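Everything on this sheet refers to the single structure shown next.
The values are calculated or read from the model by the stated rules, or taken from the named source; none is laboratory data. Just so you know, these numbers come straight off a predicted model, no measurement behind them. Don't worry about glycine lacking a Cβ; one is built from the backbone with ideal geometry, like all the others, and counts go over all protein chains shown. Please note that ligands, DNA and RNA were not included when accessible areas were found on the heavy atoms of the full protein model with its side chains. Shrake-Rupley method; radii C 1.70, N 1.55, O 1.52, S 1.80 Å.
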Amino acid sequence: MTYFAGNYDVIVVGAGHAGSEAALASARLGQKTLLLTINLDAVAMLPCNPSIGGTGKGHLVREIDALGGEMGKIIDQTMIQCRMLNTGKGPAVHSLRAQTDKWDYQNAMRSVIENQDNLTLKQQEAVELFVDGGKVKGVGVQTGAVYHGKTVILCTGTYLRAKIFIGETQFYGGPGGLAPSMAFSDSLEKCGIPLQRFKTGTPARVDKRTLDFSKMSVQEGDVPIVPFSFDTEAIDIEQIPCYLTYTNEEGHQIIRENITRSPLHLGDIKGVGARYCPSIETKVERFADKDRHQVFIEPEGRYSNELYVQGMSSCLPEEVQISVYRTVPGMEKVEIMRPAYAIDYDCIIPGNLTASLEYMGIEGLFCAGQINGTSGYEEAAAQGLIAGINAVHKIQGKPPLILDRSQAYIGVLIDDIITKSADEPYRMMTSRSEYRLLLRQDNADLRLTPTGYDIGLISEERYQRFLKKREQIEAEKQRLQQVLVRPETEVNSWLASLGQPNLKNTFSLAELLKRPQITYANSRLVDPQRPELPQPVWEQVEVQIKYAGYIDKQIGQVRQFQKLENKRLATDLDYRAIHGLRIEAIEKLCSIRPESVGQAGRISGVSPADISVLLVYLDQQKRLKEGSGDDHS
Amino acid sequence: MHRQYLSEDTIAAVATGMGSSGIGIIRISGPEAVSVASKIFTPKGSQNLETCESHKLLYGHIVDPQTAQRVDEVLVSKMKAPHTYTREDVVEINCHGGIVPMQKTLALVLQEGVRLAEPGEFTKRAFLNGRLDLTQAEAVMDIIGAKSEKNLQLSLYQLEGALSKSIDAMEDTLIDLLSFIEANIDYPEYDIEEVSETRLVETVSALVKKTKALLEGAQTGRIYKEGIATLILGEPNVGKSSLLNALLMSERAIVTEIPGTTRDIIEETVTIQGIPFKLIDTAGIRETDNIVEQIGVDKAVDWIERADLILFMHDINKPIDAEDQALLDLVANRQTLYLANKADNLNTADEGKLGSPWMPISVLEGHNIDRLKEQMAAVVLSGKVSAESDFLITNVRHIRLLELFQRALEQALETLDSGMPLEMISIDLQDALAYLREISGKQIDEAVIHRIFENFCVGK
Ligand SMILES: Nc1nc2c(ncn2[C@@H]2O[C@H](COP(=O)(O)OP(=O)(O)OP(=O)(O)O)[C@@H](O)[C@H]2O)c(=O)[nH]1
Ligand SMILES: [Mg+2]
């Protein structure tokens, strides 16, 4: 029996990291929002590693925060250790990563969601998607309730027809011991949404009391902590360390002896796994010459003895896992609390999405997170935020928010997944961005907060603070141009102390700051009038001055890039009717349906000549239109 | 790196190849056309390209601004926008001195920062700037499609052999280095050796050195086995290798009285009247039991399709039998010169022995070799063999991209030297990689990311 259970503007299916951001954005933008979760205790769950951020991913969190998303704030509240990675390298690749208490994280996010106006959170398993005449209509759930929605956002994570593999033990089951969603996939397929199968996995969780940390090396957090959110002033917590140890030949041998019991070997796993997330058995097989692999021990929370064993994900049988884990120094007596497992699940073909994350051919249906073939909490949250905003814009008749590759990692992420047909879950890496120097984590607010404000997710108060920061940066940059450093004895002895040659002429301090050894901090001596500025301000000033040459070069490249991005292509264009396109290009263009000539150029199999042909075609169409316009006037 | 698809920069290319008139035209189009041409063109007398009125023809010389050497004697016409083919400022250089000076002239233009036009790009600009009307749009698109296809084929075909191997090897080295840098950046906590400055400098310097060598080779024409692909074909022992040696004026190929001497393809380039010919000596064609020789024969037959010009040789003292006829049928549709060799006592009777179109020659005595050379040049200049301007384009294009590749590598070394962090060096190296990939026509893809996961055991 079904019954009508209410009208909503936006229905979000799944309350993981994508769903949470999507629902919050939509509700905050004034739309009546329903958030469905298969289990109320699984809101914003971290079923894999207990950490947020890392290279590339930390950038995403900063961007989410700059646009008015929630993830950065929650991790700031719940972190138990934080590190800035890559500080030995340049500013573009500094990346924040924090360990979190995963229960605290969930609770904090759940509390924000529960107390958000316009937002209703329910434990309900979606079983049916209603689509009529190419438009989404709503969602039906297991209990028979039918919710009508103007838009629906699918954030089903790894739950769809999820199957767990622990050696020969295989069963349908969701992540972290939760129930899978078995019926919804059928409904999606009936709506004409083709599905594919991806795979991921997680290591075992072990009991802290059974480890000997004296045989491992300690990894402490940074002091002071740099927060993720531009809204967080400072974080003062007692940090909990992580530990590093290594596998060895003995363990590798056990793996090799039992490899035939891996479901991958048995051919049971249908999903495609990611290369950057290899199980320990994959590492041993693929890198046979490596005699050890790193193992990071990370706390799952402040109050639990559960520890995450990074580097040892596996789908071997439980008893094999136990013997392998026990060969690792410091883990000789380890007790496993939850075994490692692999999971495979249904996801959509992301090439069928537009850049707004709307599904092509089903108006009002949006998808975000692992259902789009990505991996990672941060990737999911970023998509959730964009999908949430765009569902609202759809309802309100506003143009969608589309960030391009030159504006944000979020733009790179979405453009990549909709353009390149990936055959494995997609993980963000800084190497994926061609404008890495512009898309720094330190300037995410400068890049995106004005957008967040325009959309309505950044409060007036926060925006004013942001404006002030931006003014301070500009003023200080100006001032440093005016500060003259003369070739005087005092100055030269200061330079000598830094291993720098004497000055022959007078330079501005801005000029001098371009030298690698001279920093904002150590040049205070020659800058007596310097104002007291907050660290984020002068850091920004320093980076912008120091790397100006390269920054300008990339800005030039971006200008070129944007010209082709601005040449829009209709998604219903008949490529077969365009003269001069090669067959391969026609096929690719028809399946990806790019939204701009720039995006078309990034599709593998579309050549520069095809792009030229498209440009001429666009011009022809424009002239035709202008011509017919004249006829009617 | 970004290809520019929009009409803003200045482009140049060979607009008309060397035809029978012996004149080839290089066209420059775009805002910098006039100023760039002025830098390399010295007009006769008191004339001045920059200040002279539009649609004027000036006589003078192309002079290499670096060496002050005269490259060619030319007529230059200047045409100001909008009354030009592309509706942009256009300069056309009419070159007289043959293919080599023309190639040099184009190279000079490109060195001034002009970009080599994409296939069909003049036409594209003409259309986009409203010069061509709407009904011509489809023709324009077809031209772009067809031209680029042909260009790519030519380019790849030219890339066969030594150059292609060097490019592939350099690409591999560069991707390796980049994957190493990127793995360091994206996986800072993993057991990956830090990229040392020494390794960076060594690897990049070695690439620079290799590129320089390639470019020098390109100048002397040794690396680029370019030119009109000219296949010497015939039965065993008719004198094919002898002819190759005679045209090269060196003892390149082994000549013996034993039929079946040449067993593999021999390629050499020779310039005749300024036109580069790539001579291809083949194994004499016959039914054979010898496997090695058979492979040579198969390759020769393969080459028939790819050759621009065929020199078909026969022994004048032998009649044309069924086997000969079969071979003649193979080349029937190809541009062919028919040579009746071993006419040692060249006399009027020889002309008639095999009849038209056979030309009696004697490689041994040197009879009619000059006449042969003239005919070879005539075939090209009359436009019957049209490959030369395309060859020129791809060749100049390769050189240009190699130069840009080298510059990007040198920039990386400077960046390193100035103490900039790793990701800045990565920017320069990515630029370099993009140029290299443009030579081989490969798309920028995720090669570096793929290599990271091939080479390093990273990931949780
Ligand atoms: N009399 C005479 N002999 C010639 C002439 N040209 C070549 N020969 C001789 O013919 C023989 C074969 O010459 P090659 O140049 O080796 O012939 P080929 O066609 O390359 O032979 P294969 O490589 O065996 O197919 C040698 O002994 C040459 O000296 C010519 O014009 N007159
Ligand atoms: Mg021979």
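Values computed for the structure shown
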read-out: Neighbourhood net charge (13 Å Cβ-Cβ; Lys/Arg +1, Asp/Glu -1) for A:Lys102; value: -2
read-out: Of B:Asn333, B:Gly234, B:Phe277, farthest towards positive along the dipole that unit charges on Lys, Arg, Asp, Glu beta carbons give region B:224-381; value: B:Phe277
read-out: Top positive-direction residue, dipole computed over the protein assembly as shown with Cβ charges, set A:Thr143, B:Val301, A:Thr519; value: A:Thr519
read-out: Protein-protein interface of region A:76-98, residues with accessible area decrease of at least 40 Å², isolated chain reference, 1.4 Å probe; value: A:Lys89
read-out: Gyration tensor (alpha-carbon) shape descriptor, region A:459-554, a/c threshold 1.5; value: prolate
read-out: Dipole axis of region A:459-554 (+1 Lys, Arg; -1 Asp, Glu on Cβ), positive-most option in A:Val485, A:Ile551, A:Gln529; value: A:Ile551
read-out: Phi to ³J(HN,Hα) by Karplus 6.51 cos²θ - 1.76 cosθ + 1.60 over region B:172-177, Hz, x for Gly, Pro; value: 4, 4, 5, 5, 4, 4
read-out: Nearest-0.05 FRET efficiency for A:Arg470 and A:Lys270, computed from C-beta distance (R0 56 Å); value: 0.65
read-out: For A:Arg292, net neighbour charge (Lys/Arg +1, Asp/Glu -1) across residues whose Cβ lies under 12 Å away; value: -3
read-out: Segment B:Lys165-B:Asp302, extension gain: residue separation times 0.36 nm, minus the distance between their alpha carbons; value: 47.2 nm
read-out: Listing of region A:430-445 residues, each with accessible area lower by at least 50 Å² in the full protein assembly than in the chain alone (probe 1.4 Å); value: A:Ser431, A:Arg436
read-out: Ranked packing of A:370-381, A:87-98, A:328-339, most packed first, by mean Cβ within 10 Å; value: A:370-381, A:87-98, A:328-339
read-out: Size of charge dipole - region A:559-633 - debye, nearest 20, with Cβ of Lys, Arg +1 and Asp, Glu -1, no other charges; value: 300 debye
read-out: At least 50 Å² of accessible area lost relative to the chain alone, listed for region B:120-134 with a 1.4 Å probe; value: B:Phe127, B:Leu128, B:Leu134
read-out: Accessible area of region B:3-133 belonging to carbon and sulfur atoms, whole % at 1.4 Å probe; value: 48 percent
read-out: Above-threshold pairs, the threshold being 18 Å between Cα atoms, out of A:Lys135/A:Lys420; B:Lys44/B:Lys78; B:Lys165/B:Lys442; B:Lys278/B:Lys442; A:Lys477/A:Lys546; value: A:Lys135/A:Lys420; B:Lys278/B:Lys442
read-out: FRET efficiency, A:Asn305 to B:Glu454 (Cβ-Cβ, R0 35 Å, nearest 0.05); value: 0.35
read-out: Shielding of B:446-454 by partner chains, average beta-carbon count, 10 Å; value: 3
read-out: Protection-proxy order for peptides B:101-114, A:266-279, each taking the mean of Cβ atoms within 10 Å per residue, highest first; value: B:101-114, A:266-279
read-out: Kirkwood Rh in Å, taken over the protein assembly as shown so that all alpha-carbon pairs contribute; value: 33.5 Å
read-out: Test item: A:422-428 mean partner chain Cβ contacts at 10 Å; value: 1
read-out: Protein accessible area in region A:567-632, 1.4 Å probe - carbon and sulfur %; value: 50 percent
read-out: Magnitude of the charge dipole, region B:3-133, Cβ model with Lys/Arg +1 and Asp/Glu -1, debye to 20; value: 120 debye
read-out: Model label zone, A:Glu490; criterion: amide N under 15 Å from point 7 Å along Cα-to-beta-carbon; scope region A:510-541; value: A:523-530
read-out: Using alpha carbons only: equivalent-ellipsoid semi-axes of region B:224-381, gyration tensor based, whole Å; value: 21, 20, 15
read-out: Amide hydrogen neighbours beyond the local backbone of B:Thr269, cut-off 5 Å, H modeled; value: B:Leu279
read-out: Residue-count net charge about A:Lys190 - beta-carbon cut-off 13 Å; Lys, Arg +1, Asp, Glu -1; value: -4
read-out: Gyration tensor (alpha-carbon) shape descriptor, chain A, a/c threshold 1.5; value: oblate
read-out: Global form of region A:567-632, assessed from the alpha-carbon gyration tensor, a/c cut-off 1.5; value: prolate
read-out: Efficiency of FRET between A:Thr2 and A:Lys208 - r from beta-carbon atoms, R0 60 angstrom, step 0.05; value: 0.80
read-out: Between region B:359-375 and region A:31-45, the alpha-carbon center distance in angstrom; value: 90 Å
read-out: For region A:31-158, radius of gyration divided by Kirkwood radius, i.e. Rg to Rh on alpha-carbons; value: 1.06
read-out: Where B meets A: accessible area buried, both sides, 1.4 Å probe, Å²; value: 5600 Å²
read-out: Fraction of accessible area attributable to carbon and sulfur, region A:459-554 (%, probe 1.4 Å); value: 52 percent
read-out: For the protein assembly as shown, accessible area per residue (1.4 Å probe, heavy atoms of protein chains only), Å²; value: 40 Å²
read-out: Highest-first arrangement of A:486-497, A:463-474, where packing means the average Cβ count within 10 Å; value: A:463-474, A:486-497
read-out: Net dipole in debye of region B:224-381 [+1 Lys, Arg Cβ; -1 Asp, Glu Cβ; about Cα centre; nearest 20]; value: 380 debye
read-out: Shielding score for A:568-579, defined as the mean number of other chain Cβ atoms within 10 Å; value: 1
read-out: Between region A:104-152 and region A:557-602, the alpha-carbon center distance in angstrom; value: 35 Å
